[in-house]
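Since the structure comes first, as structure tokens, the remarks are kept for the end.
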Amino acid sequence: MVVLHVKRGDESQFLLQAPGSTELEELTIQVTRVYNGRLKVQRLCTEMEELAEHGVFLPPNMQGLTDEQIQELKLKDEWGEKCVPSGGSVFKKDDIGRRNGQAPNEKMKQVLKKTVDEAKAIVSKKQVEAGVFVTMEMVKDALDQLRGAVMIVYPMGLPPYDPIRMEFENKEDLSGTQAALEVIPEAEAQLWWAAKELRRTKKLSDYVGRNEKTKIIVKIQQRGQGAPAREPIISSEEHKQLMLFYHRRQEELKKLEENDDDSCLNSPWADNTALKRHFHGVKDIKWRPR
């Protein structure tokens, strides 16, 4: 199996393995789905942390308003009255004004947070350092765990406009957000290796050969963004170590230059002709007249 170290820009994303005979059309879609799936898990984890702290999402027409403005406009959070967490709620106001402040109790909060931590670990970039291959099944498992935790804490479900529910139903609207720039549509995804685009009409073996033990670094890119930057000859950590070595070497050379003092050569004990003059009796002869 060929090992693919998938990157976006200079950042490692995950490890994937595939046979060399894999069609690049299939491989590109597989890599893109895992990449986008990891982003979905990360977005859900962020929102579920907010859910554990401040309760469900407010209706769009109530978000960002003060309590006085809500009373003045006679607005009512009907879904907030239905979507009550198991075991009752604890009021914790959301300073941003996105959620209703009816947070789950401590026990239910820990259910959400523990599940979030487990899901984050499944799709973490640290899996690259650990040598763990991330598959679409692992991403789906993380999503199922998150969905199950929400159902335990909110058996009545979440409001239809809550981003967590919209993510689970694949109805999320990312327009105008940073997340929209990160997601890559499957039809527009490209894989690059060694400054070459891996064209979908070919097989992986057409580029890497028939050696199934090959490990390559591929970069995922959206069509139209041009070729990604090539990998540096040495890693950032190796570069740091090299700079540290040269800095220490320069400091050592500076100390040697400071200690390079030739004044000692004028001392009597440094005169290599002193013994010869002593035997000839010409020691301490002064040529100037008195």
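The values are calculated or read from the model by the stated rules, or taken from the named source; none is laboratory data. Given the structure is predicted, the values throughout are model-derived calculations rather than measurements. Cβ sites come from the backbone with ideal geometry, for glycine too, and all protein chains shown count toward neighbours. These area figures cover heavy atoms from the full protein model, side chains too; ligands, DNA and RNA do not enter into them. Shrake-Rupley method; radii C 1.70, N 1.55, O 1.52, S 1.80 Å.
What to note about this one:
- Protein accessible area in the chain, 1.4 Å probe - carbon and sulfur %: 53
- Entries in Lys114/Lys140; Lys7/Lys126; Lys113/Lys171; Lys140/Lys171; Lys40/Lys76; Lys126/Lys219 that, when Cα-Cα distance is taken, lie over 21 Å: Lys113/Lys171; Lys40/Lys76
- Alpha carbon Rg of segment 131-237, scaled by the compact-globule rule 2.2 N^0.38 Å: 1.47
- Summarising the overall dimensions of segment 137-178 from its C-alpha atoms, the Rg and Dmax are 11.5, 32 angstrom.
- Screening the chain for whole DSSP H helices of 20 Å or more along their axis (Cα) with average Kyte-Doolittle hydropathy at least -0.5 returns 24-54, 136-153.
- Take every DSSP beta bridge whose two residues both sit in the chain; close to 75 percent of them are antiparallel.
- Solvent accessible area, Å² - Ser175, 1.4 Å probe, full protein context: 80
- Across all directions, the average flat footprint of the convex hull enclosing the Cα atoms of segment 177-234 is 5.5 nm².
- Simple label model, 7 Å out from Cα along Cβ direction - Lys114 to Arg249, nm: 5.5
- Charge tally for Val208 (other residues, Cβ to Cβ under 13 Å; Lys, Arg +1; Asp, Glu -1): +4.
- Distance cut-off 25 Å, percentage of C-alpha pairs in segment 26-141 lying past it: 40
- Heavy-atom surface of segment 155-204, accessible at 1.4 Å and reported per residue (Å²): 57
- Here the chain is assigned +1 on the Cβ of each Lys and Arg and -1 on the Cβ of each Asp and Glu. Its dipole about the Cα centre then comes out at about 1400 debye.
- Phe14 long-range amide H proximity, modeled H, under 5 Å: Val6
- Alpha-carbon gyration tensor eigenvalues x 5, square-rooted, for the chain, Å: 67, 33, 17
- Solvent-free Debye scattering, log10 I(q)/I(0), computed from the Cα coordinates of segment 2-71 at q = 0.20, 0.25 Å⁻¹: -0.90, -1.13
- Nearest-0.05 FRET efficiency for Glu137 and Glu26, computed from C-beta distance (R0 22 Å): 0.85
- Residues in segment 1-140 average 51 Å² of solvent-accessible surface per residue, probe 1.4 Å, ligands and nucleic acids excluded.
- Evaluated with a Cβ-only charge set (Lys, Arg +1; Asp, Glu -1), segment 132-252 carries a dipole of roughly 700 debye about its Cα centre, given to the nearest 20.
- Net charge over other residues, Cβ less than 11 angstrom from the Cβ of Gly80 (K, R count +1; D, E count -1): -1
- Leading residue at positive end of dipole, segment 135-258 (Cβ point charges), from Gly157, Leu174, Met136: Met136
- Once Rg and the Kirkwood radius are both taken over the C-alpha atoms of segment 81-148, their ratio Rg/Rh works out to 1.11.
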